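Notes to accompany the following structure.
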Amino acid sequence: MTWMQDFARRRGIVLAPHGKSTMSPELFALQLQAGAWGLTLATAFQVGTGVSAGARRIIVANQVVCNADLDTLDALLARHADVRLWFLVDSLAQLALIEGWAARRASARVFDVLLEMGIPGQRTGCRSLELRLPLARALAASPVARLAGIECYEGGVARCNSEHDAREVTGLVRRVVEAARACDAEGLWSVDADDIVLTAGGWAVFDLVVPLLQLQGLSRPVRGVIVLGLLHHPRPWQLPALSHTGAAARRPAGNSAPGLDRLVHGAVGVRGRPGAADLRTA
């Protein structure tokens with residue numbers, strides 16, 4: 001954690017390490033004590049664990065769509081007035097589900113959200129400026145959401161090839177910067193936020209997204225947040241080799257992940273092409 005904290009501090013950005021791999025309150029507390037700005041988690045249930053461990057800033061790196069999850073987050077925010085959390089929104093359809101929940105619950109809750117930028121054929125997220133701006137405008141006008149920033153996940157294009165990764169990730173960063181500037185020009189950010197949250201950084205090429213997280217020239221300061229899921233790695237000195245300057249281990253082809261023969265509960269996200277989907281487990 002220390003070397004990564006130093007990496008972030010020297011570049012004027014902050015860390016919100018991903019906790020879904022360990023779900024260890026003890027590790028969460030140690031990461032926060034070491035200087036983490038907040039935590040990143042994947043589900044509404046996990047958010048409760050993070051809050052109990054002392055986190056007061058949490059990014060939910062997922063689309064929140066169902067009544068049970070929205071109920072959970074609403075109740076948690078009602079109990080902990082000092083907690084700030086952000087979750088991802090990537091479509092007008094998702095926004096409609098959140099607005100429907102609020103109408104059914106007669107709720108005045110307003111959620112802080114991050115517009116997720118996507119990559120064609122990879123996971124979720126908006127793929128084009130034609131999709132991004134209408135969604136950003138709808139979020140800015142919605143009674144249930146505050147547009148607090150933009151998120152992207154660059155790990156889906158990482159191939160452990162420096163030339164390829166630098167080209168593809170830099171292209172993604174440029175698209176996110178373009179979207180951020182467009183939102184800023186139209187004044188779509190939440191008026192209640194002192195800064196604009198820009199977040200990226202999986203486990204593979206976190207160094208290539210630093211220019212995005214250091215973006216300047218917007219109407220208010222940028223809070224660049226790097227999300228890294230391996231800060232608890234038993235040999236953290238090996239992690240710099242996972243950047244675009246080195247080679248990263250690849251999962252063997254095929255269904256090699258242990259435990260997939262067991263029943264898995266999760267949510268399915270469309271991957272942007274017919275017949276393909278992404279199972280996001282809890």
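Overview of results
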quantity	calculated
Cα gyration tensor shape of region 169-210, rounded if a/c is under 1.5, else prolate or oblate by comparing a/b with b/c	oblate
Per-bin percent of Cα-Cα distances, region 13-55 [10 Å]	33, 60, 7
For ARG9, net neighbour charge (Lys/Arg +1, Asp/Glu -1) across residues whose Cβ lies under 15 Å away	+1
Interchain or long-range residues, amide H under 5 Å from ARG223's placed H	ILE196, VAL197, LEU198
Distance (nanometres) between label positions extended 7 Å along Cα→Cβ at ASP194 and VAL110	1.8 nm
Theoretical gain in end-to-end length, ALA93 to ASP6 [0.36 nm per residue, Cα-Cα removed]	27.3 nm
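Rule-based calculations on the coordinates, nothing more; no lab input. Predicted model only: the values in this text are computed from it and were never measured. Backbone-built Cβ (ideal geometry, glycine too); neighbour counts: all protein chains shown.
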